[in-house]
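For reference, the structure is listed below as structure tokens.
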């Protein structure tokens, strides 16, 4: 079944989260270093220290700045870690670096963004499934096709949007209807980790 990924863990709050729960965090460049911070031009938590402290859990890395993707991937691989993905990478960058690092690139889809998943599976292995109205918009056919193409799915829970859209409990109920199709490579990005643990 799917596992939870705790949203926006950009500081020492990772210490309060069970190790079987993944964490999502934001990465920028700060000078010539990578840093963990949601907003640009902040010094933040040193990236290399942060990933070392969290190397025993799944990492969902939100890339906040174009051009640092390969540095992020190489740094994570250098500590012997392979269970992670990068997301919010612009499409041209995903295409370019996905040729070499396909297994670490997540592509975004939503009711408003519907790329050709078959073609995109050549340079991405994860699929971020967002919602812009709070609904669980995918159906069994959509999920089955994505899984047959080899994608690992990460659903965005509606409570992450500001203002909050939809009902996260209703979203959960709809998502769990498809638990027989999903597997332990699939995840939910959420602020409500307890609902999914």
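Starting from the Kirkwood radius over alpha-carbon pairs of the chain, derive D by Stokes-Einstein at 10 °C in a medium of 1.306 mPa s and give it in µm² s⁻¹.
Estimated diffusion coefficient is 93 µm²/s.
Looking at region 1-100 from every direction and averaging, what is the projected area of its Cα convex hull in nm²?
Average of the hull's projected areas for region 1-100 equals 6.6 nm².
Gain in length, residue 144 to residue 13, computed as 0.36 nm per residue apart minus the alpha-carbon separation, to one decimal in nm?
43.6 nm
Using alpha carbon centroids, what distance separates region 1-54 and region 104-174, in Å?
Their Cα centres are 22 Å away from one another.
Could you calculate, for region 102-197, the ratio of the Cα radius of gyration to the Kirkwood radius, expressed as Rg to Rh?
Answer for region 102-197: 0.94.
Only bridges whose two residues both fall in the chain count here: according to DSSP, what percent of them are antiparallel, nearest 5?
Restricted to the chain, the bridges split so that about 20 percent are antiparallel.
Return the FRET efficiency for the residue pair residue 119, residue 88: r is the Cβ-Cβ distance, R0 is 25 Å, and the value is rounded to the nearest 0.05.
0.80
Each reported figure results from applying straightforward, stated rules to the coordinates on display, with no laboratory input. Small disclaimer: the values here were computed from a predicted structure and weren't measured. No Cβ is skipped: glycine too gets one built from the backbone with ideal geometry, and neighbour counts run over all protein chains shown.
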